[in-house]
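The values are calculated or read from the model by the stated rules, or taken from the named source; none is laboratory data. Here the structure is a predicted model, which is why all the values come from computation and not from measurement. Every residue, glycine as well, gets a Cβ built from its backbone with ideal geometry; the counts of neighbours run over all protein chains shown. Each accessible area value is taken on the protein alone, full model and side chains, heavy atoms only, with ligands, DNA and RNA left out. Shrake-Rupley method; radii C 1.70, N 1.55, O 1.52, S 1.80 Å.
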Amino acid sequence: MGWSEFRAIPFEYNDEVRQIDEQLLRLVAARKNITGAVQYHPPQEIIDEWVTSLDMKEEDIRYVIRNVQPMPQMHFFPREELPLIGVVSIMKKAVIDSCEYLITHSMQYETESIVHLEIQYKGKEAERVHVVPHLALEIISGQGYMTMRHSSRGGGGDTQMSFRVVPALPSSLENIQFSLIPSIPELEHKIEEVILDKQVDFE
């Protein structure tokens, strides 16, 4: 069988699902007409209500909300390393549920920043704990920022993460707040992807 001969792949779809999909798209369009270029995020108490009333996971709800937000224009990230302009100290710390979170610094480039985070488990039997961070960085500011996971490494109770931020953060962070929100890495936007979109049939 040649590459031009495709086996028919059955996709499930019907009028009922189509009507729901159309409603979703109309609601997204209506939301964008209302919010314009401003990002609207529900407070935690509303998220908690939806988790219960809709029987959904918090990270799934936040994933949907994040993906209907107006985002800055996507930048192309070249493979070559960008020249480092400077380093901005952040040193923001929080301790929640026996874990210490420390945003240490930001590596500054002309068009982007790389924000570094350290997580350390401080609870009992730390040697038997493996930290799995399902987290995304959210930046609260008058400027709209797009954030995405850049790297993650570690083992046991210690983890280091970094997040790519576009556009670059300013040298003064006086009016900028940082938050970590639930997010499954597999659902996040990938910076570089190899898209395999050709049908492959095995005989």
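I'm checking my understanding of the structure. Among residues of segment 117-141 that are farther than 24 Å from residue 63 by Cβ and modelled with pLDDT under 85, which one is least open to solvent (accessible area, probe 1.4 Å)?
123
Testing residue 59 on (1) modelled with pLDDT under 85; (2) of a type in the set (Asp, Glu); (3) open to solvent by 50 Å² or more (accessible area, probe 1.4 Å), one condition comes back false. Which one is that?
Condition not satisfied by residue 59: (3).
One line per residue, one yes/no per condition, for (1) at pLDDT below 90; (2) of a type in the set (Ser, Thr, Tyr); (3) open to solvent by less than 30 Å² (accessible area, probe 1.4 Å):
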| site | (1), (2), (3) |
| --- | --- |
| 160 | no, no, no |
| 165 | no, no, yes |
| 172 | no, yes, no |
| 175 | yes, no, no |
| 187 | yes, no, no |
| 192 | yes, no, no |
| 196 | yes, no, no |
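Take segment 91-116 and flag every residue that is of a type in the set (A, V, I, L, M) and open to solvent by less than 20 Å² (accessible area, probe 1.4 Å).
If the condition is that a residue be of a type in the set (A, V, I, L, M) and open to solvent by less than 20 Å² (accessible area, probe 1.4 Å), then 103, 114, 115 are the ones that fit.
All but one of (1) among the hydroxyl-bearing types (Ser, Thr, Tyr); (2) over 24 Å from residue 182 (Cβ atoms); (3) more than 21 Å from the chain's Cα centre (by Cα) hold for residue 109; state the number of the condition that does not hold.
Condition (3) is where residue 109 drops out.
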